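Single-structure report; data block below.
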Amino acid sequence: MGSSSSREARKPIGPASGRLGILTPGLGAVATTFMAGVESIRRGRSKPIGSLTQMATIRLGKRTDNRSPLIKDFVPLASLDDLVFGAWDPIPDDALTAARKAGVLEEKDIEAVADFLREIKPMPAVFDNRYVTRIKGSNVKQGKTKRDLAEQLRQDIRDFKARHKLDRVVIVWCASTEIFIKPGPQHATLEQFEKAMERNDEAIAPSMLYAYAAIMEGVPFCNGAPNLCVDTPALLQLAQERGVPISGKDFKTGQTWMKTVIAPGLKARMLGLAGWYSTNILGNRDGEVLDDPQSFKTKEESKLSVLHTILQPELYPDLYKDFAHVVRINYYPPRGDNKEGWDNIDIVGWMNYPMQIKINFLCRDSILAAPIVLDLALFSDFAQRAGMKGIQDWLSFYYKSPMAAPGLQPEHDLFIQQTKLKNTLRHLMGEDQITHLGLEYYA
Ligand SMILES: NC(=O)c1ccc[n+]([C@@H]2O[C@H](COP(=O)([O-])OP(=O)(O)OC[C@H]3O[C@@H](n4cnc5c(N)ncnc54)[C@H](O)[C@@H]3O)[C@@H](O)[C@H]2O)c1
């Protein structure tokens, strides 16, 4: 672990007592599916499938010790009963209307929690069409400068906390993907960032204002979209100074999750790769936003980075030099949220013989993303109580394009990410790391 996620030694981990607020910029498909799901679980209508914090166990000690508690029994995490939800969105629909429009859940599942969803009404958003071109919204804050807007978000966080008598708050960005922005001098230091907000510099996107507001309020921030947002030196510096955990970018759900499962398998067996062609059709609002080439570019960058870092062509030129990697997303309205992805993988074996793997994944994006939102919120809250701050490398497991310390390659391999996550929990709870050496069983 780098110093950015280091824990101050000997500091006891704060308890998970009291209520935890989870705020989402964006009350669309992912956010409403997440909120409806948590309430459905609380009412005993479903199980938290897909969530490590709720369902996974963690092995402690030797294999012969038979100690494998649930993560939630091992680590002090907020209980689902203590979660309170809020959101911002430029579209004024409450969570019930938004869930119906998103078309992810069936009416019977929405109806069962309708009273709960109806009460979640989005606060006016910081929104600007220049950064997300395909959405029109009326529920938008006004402010002279971007700094004013960030201050209004800070006030929203304080009001939300007071209104619901919350002990702690976490923010998870579930809003649309913004256009591609390259990190520039405006993002280099906190001072430059603040000056850029004051002069309404174009390089400061709305998502950055939410991240800034969160960190200023001591609220952990997770970025579920691929836009730059919290991934800048300025905001990293602020998070370090204020003792706030941050993580991102881009929830690792369908096709990229598959890539991070298959590619480590190919590499483990030293099989070559000639090319990987991925294409998708999806018809939800996210698909519509991604139909804009500038938003797609942000997504494409995030999706493309995965294979190179897993396969390490610089170490294995005979296997992975110059493979072709193409990613396409096609907006196709009849599909709604039920995306379909096709992967054609051209692999190379013994004596250069070519082989192919085809994957046809009929996935439901928001069904895969919702438990990720839950886990990120609970783990980020835990991280803060454990004295962790800055980039949370151990949460890379959940992201397509994980943030990493400057100069460090992010880790993409799902299995290394899982080991890192579990070992971090063991470390924080004072348990031994598991090396899988195993010689002790054969002495
Ligand atoms: N669904 C997945 O599996 C998945 C995976 C990875 C990343 N993501 C990302 O998560 C995000 C949400 O996905 P979704 O399917 O829920 O999209 P969605 O279009 O259904 O919802 C996004 C919502 O964000 C709102 N919004 C846009 N700009 C905003 C702003 N500045 N402040 C507050 N709200 C704003 C929109 O009005 C919309 O209601 C997208 O960026 C998407 O790329 C989703």
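The distance separating the Cα centre of segment 251-268 from that of segment 289-333 comes to 12 Å. Among the trypsin sites (Lys or Arg not before Pro) within segment 50-127, those in coil by DSSP and having at most 16 neighbouring Cβ atoms inside 10 Å are Arg59, Lys62. Residue-wise HN-Hα couplings along segment 404-411, as the Karplus relation 6.51 cos²θ - 1.76 cosθ + 1.60 with θ = phi - 60° gives them from phi, are 9, 4, x, x, 9, 5, x, 8 Hz; Gly and Pro carry x. Residues whose amide H comes within less than 5 Å of that of Ala125, counting only those at least five positions distant or on another chain, are Asp89, Val140, Lys141 (H built at 1.01 Å from N in the peptide plane). Largest GNM mean-square fluctuation across Ile367, Ile246, Ile359, computed for the chain with C-alpha springs under 10 Å, falls on Ile359. Largest GNM mean-square fluctuation among Cys229, Cys363, Cys174, using the chain with Cα springs under 10 Å: Cys363.
3J(HN,Hα) along segment 353-365: 6, x, 9, 10, 10, 10, 10, 10, 10, 9, 10, 10, 3 Hz, from the Karplus curve 6.51 cos²θ - 1.76 cosθ + 1.60 with θ = phi - 60°, whole Hz, x for Gly and Pro. Can you tally the net charge around Ile310? Count Lys and Arg as +1, Asp and Glu as -1, for every other residue whose Cβ sits under 14 Å from the Cβ of Ile310. Within the 14 Å Cβ shell, the charges total +3. For the chain, modelled as a GNM whose springs connect Cα atoms under 10 angstrom apart, the maximal fluctuation among Phe379, Phe361, Phe296 occurs at Phe361. Under 17 Å of direct C-alpha separation, and excluding same-chain neighbours fewer than eight residues apart, Lys249 reaches these lysines: Lys182, Lys259, Lys297, Lys299, Lys303, Lys389, Lys400. Couplings 3J(HN,Hα) for segment 74-81, derived from phi with the Karplus relation 6.51 cos²θ - 1.76 cosθ + 1.60 (θ = phi - 60°), are 8, 10, x, 9, 4, 7, 4, 5 Hz, where x marks Gly and Pro. Pairs of Cα atoms in the chain fall into 20 Å distance bins, from 0 up to the last occupied one, in shares of 25, 59, 16, 0 percent. Adding -39500 (n - 2.57) for every DSSP H run of four residues or longer, then dividing by how many residues the chain holds, sets the calculated 222 nm ellipticity at -11000 deg cm²/dmol. Taking 16 Å as the cut-off, the amide N atoms of segment 262-277 that come nearer than this to a point 7 Å along the Cα-to-beta-carbon line of Lys321 belong to 272-275.
Straight Cα distances below 18 angstrom link Lys136 to the lysines Lys101, Lys121, with same-chain residues fewer than 8 positions distant left out. Inter-label distance, Asn330 to Glu111: 3.6 nm, where each label sits 7 Å from its Cα along the C-beta direction.
Read the figures in this text as sums done on the coordinates, not as results from a lab. Since this is a predicted model, take the numbers as computed values, not measurements. Positions of Cβ are backbone-derived with ideal geometry, glycine not excepted, and every protein chain shown enters the neighbour counts.
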